[in-house]
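What follows is a short report on a single structure.
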Amino acid sequence: MLDGDVPGDAGFVLPLLRPGMRVLDVGCGLGAVTLGFGTAVHPVQVLGVDPEPERLVRAGGVARRRGISTVDFAAGAAFRLPVQDTAFDVVFAHALIERTKDPGDLLAELFRVLRPGGTLALSTSDWSRAKLRPRTANVDAALRGYFLLLRARGEDPFAGRRVAEHVERAGFGDVRARSRHRPGLEYRVLAERVESGLAEALRTPGAPNPQLASAARSAWSWARGGGGEFSQCWTELVATRGA
């Protein structure tokens, strides 16, 4: 990624940024969005937070090599962010709500660190509207099993269609959401990932799950079929914290 480029996951946030703002990127991973925000608009100060210190070391190294002084990184969990109350003008999170067992608790923490009048920006996936071509019976059966795995881990594969309700219940106002499809993993790579996840689940000790076993067989066939296209549906949401 070149300086000033922001991944498509966060492009909708750029029009919200103004000079002097403090921006928080929650679950920043390797820092691609953090670095993009820090160089796309000046002067904006950006903090990326992630629970994996190894990722932050790599992200910080990229910032130093590029001479980007507008970004910083800190280790921390999304439910207990290492920042003070009302410290940020914009709080952004990509693919976080769907991986959260209790969206209400997470949103309360994001509310805490956002200043009154500040902006919350979320990018949340919705597998119910994902586009796959071809979408065969094996693809559908494999995905149904994969969604069972996600729910067993406390994740919500359809979170994008409910994220606005969660945000409103958390006390945010002026909630605006739109859906947009963006290219995801390569079709074959997605099939292999689903196959791998289901196979691993079947190796886990415990009572066998006939539905997972059937889904795993469908995933095996899908992964060995022809190519195709996959685009994920993302709900891009913007909301405002009141007083």
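The values are calculated or read from the model by the stated rules, or taken from the named source; none is laboratory data. These numbers were taken from a predicted model, which means no experiment stands behind them. These accessible areas exclude ligands, DNA and RNA; they are computed on the full protein's heavy atoms, side chains included. Shrake-Rupley method; radii C 1.70, N 1.55, O 1.52, S 1.80 Å.
Among bridges DSSP assigns within the chain, what percent are antiparallel (round to 5)?
50 percent
Solvent-accessible area assigned to carbon and sulfur over the range 76-120 amounts to 48 percent, based on a 1.4 Å probe. Helical runs (DSSP H, four residues minimum) scored at -39500 (n - 2.57) apiece and divided by the length of the chain put the mean residue ellipticity at 222 nm at -11500 deg cm²/dmol.
Each residue of the range 63-69 was assigned a 3J(HN,Hα) from its phi angle through the Karplus curve 6.51 cos²θ - 1.76 cosθ + 1.60 (θ = phi - 60°); the sequence is 4, 5, 5, 8, x, 8, 9 Hz, with glycine and proline shown as x.
Taking a ≥ b ≥ c as the square roots of the Cα gyration tensor eigenvalues, with a/c under 1.5 meaning rounded and otherwise prolate when a/b beats b/c, else oblate, which class fits the range 85-140? Numbers along the way, then the final one.
Working: a/c = 5.56, a/b = 2.80, b/c = 1.99.
In terms of gyration-tensor shape, prolate.
The list [x] 123; [y] 132; [z] 152 gives values of volume of the Cα convex hull per residue in Å³, and only one came from this structure; which label was calculated from it? Matching the structure shown: [y]. Rolling a 1.4 Å probe over the protein heavy atoms gives the chain an accessible area of 49 Å² per residue.
Under the classification rounded if a/c is under 1.5, otherwise prolate if a/b is larger than b/c and oblate if not, where does the range 118-178 fall, given a ≥ b ≥ c as square roots of the Cα gyration tensor eigenvalues? All intermediate terms of the calculation are to be shown ahead of the outcome.
On the way: a/c = 3.97, a/b = 2.06, b/c = 1.92.
Taking the square roots of the gyration eigenvalues as a ≥ b ≥ c, the range 118-178 is prolate.
If you sort the three axes of the alpha carbon gyration tensor as a ≥ b ≥ c, you get a/c of 1.5 or more for the range 159-201 and a/b no higher than b/c, which makes it oblate. Taking the protein heavy atoms of the range 153-243 in the context of the full set of protein chains, the accessible area attributed to carbon and sulfur is 50 percent at 1.4 Å.
Once you reduce the range 173-217 and the range 118-140 to the center of their Cα atoms, the two points are 11 Å from each other.
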